[in-house]
Amino acid sequence: MDTTYLKKLLQDSIHHKFLEKYIKQPNIDEEKLIILSSLISNNTGLTIIEKEHYIITTMMVQIALDTHETVPVETSEIEHQAVITNQLKVLAGDYYSGLYYLLLSEIEDFDLIHCLAAAIKEINEYKMKLYYREFNTFDEYLFLTEKIDSLLILSVANYVNEHSLDNVSREWLLMNKLMQERESRLNGIIAPIYEQMADLDRSTFLTRIDTMIENKKRTIENLLVNLPEEHTAFKLHVHSKLSEVMYNNISIAEEG
Amino acid sequence: MKLPKTYGYLKKDLNIIEKSLHQMIQAEHPTLRSASTELLNAGGKRIRPIFVLLSGHLGKFELDKIKTVAVTLELIHMATLVHDDVVDDAELRRGKPTIKKLYGNRVAMYTGDYILARALEEISTLRNAEVHKLFSKTIVEVCEGEIEQIEDKYNFDQSLRDYLRRIKRKTALLIAMSCKLGAIVSGLSKRDANRLYLYGYYVGMSYQIIDDILDFTSTSKILGKPAGNDLLQGNITLPVLYGMQNESFNKRLLETFTDKDNVQPVDMEALINELKQTDAILNSYQLSDHYLQKALTTIENFPSSRAKQTLVDIATFIGKRRS
């Protein structure tokens, strides 16, 4: 299914005039959208409407969760406009959650409602662990991050009984996370991963994270080899992104 | 609202619902579990489960189905409260520290999301399309109402209709839904289910109007927050809208809120005193009574039963609420 069309459909479904006046239009995680599209498009047991609903509702849940992550940890704003923005971030997340339930009620897919709700429940359990820093090693930290990021998609994969993308999705989403963290560090932002490696200086940190990204890249390339033919579009997309990663790393290395 | 003797006979079923609510929020993470449990233990009137039970008793009562609906409605209500406290930056609820105050915004957000997810997991076990369509529409509309409330804050130009639509979404819809869902899962006819929906809607409207009155007439000790807090937060409620018809009050109100970021609780005292000099409180009670009469008329054709009598008693009780 065309992801540009899906993106537009999703944007139209969550559009709310007043919310958009105060909070940024929600960020749509395109990697997740592409994975979902690949997972669901080729499912012969689903109608077009069901396919669209499955993808849109899962993305709505992701947006709801992501929007709530933008609520500040501390309420410190005193300026009226900033207060409103923060209040609306809370309500917007709830609104998007309501919308996913509404859409799935319309197609009477009670089991998917259950599946998505169960995933949200579990994700929040992991978020609590991450928030309270309940990990002892960097690998444990990465495990929590990976769970939070991929659990929703993997739950839907399980629901539609399509497991061929499980491993590659998990690795690909985590690699994207690592790249985001790397980008943040390059821009001087102390990203969560960097906090875990706070004892490292900038260049050691970048070397470490580059090694991790490089390892992930190799793992993903191996996983892509064995993907069934119906996931060719996803495969091409990831290959193209991986070559961009290589290009970016070379550019940064050249810049010193 | 204390449990009046008239529905003491529901206590056994309410205890089962309460136990189920506790089971539903037993998260694996200890803090997530304590946060949810503390909220549940803080009490609450459980008016939604009560309405579900009463409507259910008017039809073919099956506790399992009734329980699923009642528990879900209460969980949704709880999730909304946790997030509302982040929205309002509230430190106290029912006189006890909020989850936001105890554990911070992030945990409050996760707790609310967790509880809502549990609610949807629970209701998804019911294979009734009508129930889900009603439920989901209501959740969306309640969220829209909350967003609208932010939109209407400090808007002194709003109409009575704006206020009524807001309290419909804020309070009346979930009560109406409680009554209707109890009716649907108990096999009542569409007509009866709609009548109960209207009953719940009118009772909810009346209940919220009285809540809004009490914000000005009750004490901070009873309210668990300072009197006039709604207005301080920029929420324009019915007594204020009626009060604004009085020139002197209107003038003082607009002067007070000229610099809305710097209005202090002490400013409220003078405003409340002036509001009490107008007909605003009396007129607000009259509108509340008007809704209650409509609620009573709506259910008068149901055959006599203990559940029907209790619905009448609750409406009457709400009308007499003065603290």
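Cβ-Cβ distances below 6 Å connect the following pairs, each with a first residue in segment A:65-80 that is closer than 16 Å to A:Tyr22 by Cβ, a second residue that is at pLDDT below 90 and loosely packed, with under 15 Cβ neighbours inside 10 Å, and a separation of six or more residues or different chains: A:His80/B:Asp261.
Considering (1) within 11 Å of another protein chain (Cβ to nearest Cβ); (2) in contact (Cβ under 8 Å) with a residue 24 or more places away in the chain; (3) of a type in the set (D, E, K, R), the lone condition that A:Lys7 does not fulfil carries the number (1). Counting only helices (runs of 4 or more DSSP H) that sit wholly inside segment A:42-150, those with at least 2 residues that are open to solvent by 20 Å² or more (accessible area, probe 1.4 Å), within 8 Å of chain B (Cβ to nearest Cβ) and in contact with a helix residue (DSSP H, G or I) (Cβ under 7 Å, 6 or more places away or on another chain) are A:80-106, A:110-131. When restricted to residues that are open to solvent by 40 Å² or more (accessible area, probe 1.4 Å) and within 8 Å of chain A (Cβ to nearest Cβ), segment B:147-160 contains 1.
Please tell me if B:Ile50 is among the aliphatic types (A, V, I, L, M), open to solvent by less than 30 Å² (accessible area, probe 1.4 Å), more than 25 Å from A:Tyr131 (Cα to Cα) and modelled with pLDDT of 95 or more. When the stated conditions are applied, B:Ile50 passes them. Taking residues in segment B:57-77 that are under 16 Å from B:Ala193 (Cβ atoms), and partners anywhere that are open to solvent by 10 Å² or more (accessible area, probe 1.4 Å), the pairs with Cβ atoms closer than 6 Å and at least 6 places apart or on different chains are B:Gly59/B:Gly187; B:Gly59/B:Leu188; B:Lys60/B:Gly187; B:Lys65/B:Val185; B:Val69/B:Val185; B:Leu73/B:Arg48. In the set (1) small (Gly, Ala, Ser); (2) more than 8 Å from every other protein chain (Cβ to nearest Cβ); (3) in contact with a Phe, Trp or Tyr (Cβ under 6 Å, 6 or more places away or on another chain), the condition left unmet by B:Gly95 is number (3). Restricting attention to segment B:113-139 and to residues that are touching a Lys or Arg at 6+ places or on another chain (Cβ under 8 Å) and hydrophobic (A, V, I, L, M, F, W, C), the residue that is least open to solvent (accessible area, probe 1.4 Å) turns out to be B:Ala117.
Among the residues of segment B:206-225, not a single one is of a type in the set (S, T, N, Q), farther than 21 Å from B:Ser288 by Cβ and outside any helix (DSSP H, G or I).
When residues in segment B:106-143 are screened for being over 16 Å from A:Asp109 (Cβ atoms), in contact with a His (Cβ under 8 Å, 6 or more places away or on another chain), small (Gly, Ala, Ser) and facing another protein chain (nearest Cβ under 8 Å), 1 of them pass.
Does B:Val82 count as under 19 Å from A:Leu88 (Cα atoms), at the interface with chain A (Cβ under 7 Å from one of its Cβ atoms) and in contact with a helix residue (DSSP H, G or I) (Cβ under 7 Å, 6 or more places away or on another chain)? Answer is no for this residue. Has segment A:184-201 got any residue that is buried (at least 16 other Cβ atoms within 10 Å of the Cβ), among the hydrophobic types (A, V, I, L, M, F, W, C), in a helix (DSSP H, G or I) and modelled with pLDDT of 90 or more? Within segment A:184-201 (the criterion being buried (at least 16 other Cβ atoms within 10 Å of the Cβ), among the hydrophobic types (A, V, I, L, M, F, W, C), in a helix (DSSP H, G or I) and modelled with pLDDT of 90 or more), the answer is no, since none of the residues qualifies. Can you find a residue in segment B:11-33 that is surrounded by fewer than 18 Cβ atoms within 10 Å (Cβ to Cβ), within 12 Å of chain A (Cβ to nearest Cβ), in a loop (DSSP other than H, G, I, E, B) and modelled with pLDDT of 95 or more? There is at least one residue in segment B:11-33 that is surrounded by fewer than 18 Cβ atoms within 10 Å (Cβ to Cβ), within 12 Å of chain A (Cβ to nearest Cβ), in a loop (DSSP other than H, G, I, E, B) and modelled with pLDDT of 95 or more. Residues of segment B:226-271 that are open to solvent by less than 40 Å² (accessible area, probe 1.4 Å), without any contact (Cβ under 8 Å) to a residue 40 or more places away in the chain and not in a helix (DSSP H, G or I): B:Val263 alone.
The values are calculated or read from the model by the stated rules, or taken from the named source; none is laboratory data. Note that the structure is predicted; figures quoted are calculated from it, not measured. A quick note on method: Cβ atoms are made from the backbone with ideal geometry, for glycine too, and the neighbour counts reach across all protein chains shown. We work out accessible area using only protein heavy atoms, side chains counted, and drop any ligands, DNA or RNA first. Shrake-Rupley method; radii C 1.70, N 1.55, O 1.52, S 1.80 Å.
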